[in-house]
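Student: Have a look at this one before I ask anything.
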Amino acid sequence: MIPLITVKGEVVQDEVPRTIPNGQLVRNIKLKEGSIIRPVALWNKATTSPIKTGDIVTISHVSPKKDKFLKELSLSTTSRTNITIETPPEKFTTRHVIAAEESEIALTVQLSSNDDLEQFILSQDLSAELFESKNIEDVLESFGDKLFKFTIQGKTIVQLTDEIHTNQPSTSE
């Protein structure tokens, strides 16, 4: 019998749960541990875990196996699996909003700092606040060429404050 293991890392990819022909639910994620990215199949009740891309998670009691098709180690949850989401520390940054994309549940934005571009998700509360009486075009236009102060947890923007009017690129991090 193969021993069950515990893994910890950042969720770098998350797929929508689906039902396979035998009736089981499966949700595939990719977990980054250091420089290694491993596929993890979340089965049945584990598919409802609230984890999302950018979360740091610990997943216990997973079964490792060599995936013959992908030719790599893959992991599968078991009935004993426990998934714990770590609350990342808040980071503060000042950046320009370069682009935004609206989805059914959130707004994804690209922020720039000097030559660095990063993608973040606005929290549902903040998205609701921004969209209260505006359409996506109005929201994008309101970002304009301004600098904003962001409070970020993981890959989620939890607060957007104090816009700073400037035409200069962002230099603070």
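Student: Return the pair list, or none, for Cβ contacts closer than 9 Å from residues in the range 106-127 that are closer than 11 Å to residue 156 by Cα to residues that are part of a loop (DSSP other than H, G, I, E, B) and of a type in the set (D, E, K, R), at least 6 apart or on different chains.
Tutor: 119/155; 120/155; 121/52; 121/155
Student: Moving on to the next point. Spot the failing condition for residue 52; the list is (1) part of a strand (DSSP E or B); (2) within 29 Å of residue 118 (Cβ to Cβ), and only one is missed.
Tutor: Exception for residue 52: condition (1).
Student: Being in a strand (DSSP E or B) and either among the small types (Gly, Ala, Ser) or in contact with a helix residue (DSSP H, G or I) (Cβ under 7 Å, 6 or more places away or on another chain) (or both) is the filter here; which residues of the range 34-49 pass it? Let's see the steps before the verdict.
Tutor: Restricting attention to the range 34-49, the residues satisfying the condition of being in a strand (DSSP E or B) are 36-43.
Listed by number, the list holds a single entry, 41.
Student: What number of residues in the range 65-84 are crowded, with 16+ Cβ neighbours inside 10 Å and within 17 Å of residue 32 (Cα to Cα)? Break it down stepwise before answering.
Tutor: Within the range 65-84, the first condition is being crowded, with 16+ Cβ neighbours inside 10 Å, and the residues that meet it are 74-77, 81, 83.
Subsequent filtering for residues that are within 17 Å of residue 32 (Cα to Cα) retains 74-77, 83.
Within the range 65-84, residues that are crowded, with 16+ Cβ neighbours inside 10 Å and within 17 Å of residue 32 (Cα to Cα) number 5.
Student: So, in the range 8-53, exactly how many residues are of a type in the set (A, V, I, L, M, F, W, C) and surrounded by fewer than 16 Cβ atoms within 10 Å (Cβ to Cβ)?
Tutor: Number of matching residues: 6.
Student: Still on this structure, I have one more. Tell me the residue from 51, 98 that is of a type outside the set (Lys, Arg), in the same structural domain as residue 149 (by TED's automatic domain parsing), within 30 Å of residue 148 (Cα to Cα) and out of contact with any Cys (no Cβ under 9 Å at 6 or more places or on another chain), please. Before you say what the answer is, go through the steps one by one.
Tutor: Numbers: 51 fails: in the same structural domain as residue 149 (by TED's automatic domain parsing).
Sole residue among the options that is of a type outside the set (Lys, Arg), in the same structural domain as residue 149 (by TED's automatic domain parsing), within 30 Å of residue 148 (Cα to Cα) and out of contact with any Cys (no Cβ under 9 Å at 6 or more places or on another chain): 98.
Student: Looking at the range 1-33 only, could you name the residues that are touching a residue at least 40 places away in the same chain (Cβ under 8 Å) and not in a loop (DSSP other than H, G, I, E, B)? First the steps, then the outcome.
Tutor: Step one: list which residues in the range 1-33 are touching a residue at least 40 places away in the same chain (Cβ under 8 Å), which gives 2, 4-13, 31.
Matches in the range 1-33: 5, 6, 7, 8, 9, 10, 11, 12, 13, 31.
Student: Take residue 149 and decide whether it is among the charged types (D, E, K, R), at pLDDT 70 or above, surrounded by 11 or more Cβ atoms within 10 Å (Cβ to Cβ) and not assigned by TED's automatic domain parsing to the domain that holds residue 49. Let's see the steps before the verdict.
Tutor: Working: among the charged types (D, E, K, R): yes; at pLDDT 70 or above: yes; surrounded by 11 or more Cβ atoms within 10 Å (Cβ to Cβ): yes; not assigned by TED's automatic domain parsing to the domain that holds residue 49: yes.
Against the criterion (among the charged types (D, E, K, R), at pLDDT 70 or above, surrounded by 11 or more Cβ atoms within 10 Å (Cβ to Cβ) and not assigned by TED's automatic domain parsing to the domain that holds residue 49), residue 149 qualifies.
The values are calculated or read from the model by the stated rules, or taken from the named source; none is laboratory data. Worth saying up front: this structure is predicted, and the values here are computed from it rather than measured. Cβ: placed from backbone, ideal geometry, glycine included. Neighbour counts: every protein chain shown.
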